[in-house]
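In what follows, a single structure is set out as structure tokens and then discussed.
Each reported figure results from applying straightforward, stated rules to the coordinates on display, with no laboratory input. All figures in this text were calculated on a predicted structure; none of them were measured in a lab. Backbone-built Cβ (ideal geometry, glycine too); neighbour counts: all protein chains shown.
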């Protein structure tokens, strides 16, 4: 990428120019803070990981430090932007609770690169968009993408939304097949159901105890559920 292209990655509306309506900051969205103002290990991890991917392009430093949310949002809609640039923009907007990051973060949540999934889940948990639980549940329960369901499952646990328990139960039930290769997703479901403490999870957790790779997580989760007849959540 030459200097002109790098400038275009980070460039937003020029001085005095009005941002397009679809890129204006929603009411209540925060101004993204540069990394020096935030003790945020996840942000530093993302910045370090993507610095190598960006290969020293000037646009990288611009996206890491720019404070204009409209400039970050423009990266998500302008054609031809590299994935690393879109990830930085979406992550920073997510931390700022700017809902323009939602679609990009959901796509990254189901990416084949686990590091991208982790960063997207972290940002989505802080975005505060009411669409997030439904999107995470859809990704977690999509059996065609079960290989990438680990972070959607963990995000559902963190969100503690109405969609969380039914989705985790569904995914764990599917992992009870003998020889299922996605047992780590099943372990995450069992751990999540234990953390959520919903008695509806008891039958599937009881069944999971019969599976060697799920047994420990299921037994631990069962101990965290309310006793039968209590009718409450832990």
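Key figures
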| read-out | value |
| --- | --- |
| Ratio of Rg to Rh over the stretch 96-139 (Cα coordinates, Kirkwood Rh, two decimals) | 0.92 |
| Difference of contour (0.36 nm per residue) and Cα-Cα distance, residue 61 to residue 41 | 5.4 nm |
| For 183, 84, order by how many other beta-carbon atoms lie within 10 Å, fewest first | 183, 84 |
| Ordering of 59-66, 210-217, 147-154 by packing [mean C-beta count within 10 Å, highest first] | 147-154, 59-66, 210-217 |
| Fewest-first ranking of 119, 227, 164, using other Cβ atoms within 10 Å as the exposure measure | 227, 164, 119 |
| Spatial extent of the stretch 130-234: Rg and Dmax, with the Cα atoms as the point set, Å | 12.6, 38 |
| Gain upon complete extension [residue 48, residue 215; 0.36 nm per residue less C-alpha separation] | 56.4 nm |
| Percentage relative contact order, the stretch 130-234, counting C-alpha pairs under 8 Å, at least six apart | 23 |
| Separation in nanometres of the label points that stand 7 Å from Cα toward Cβ, at residue 112 and residue 178 | 3.2 |
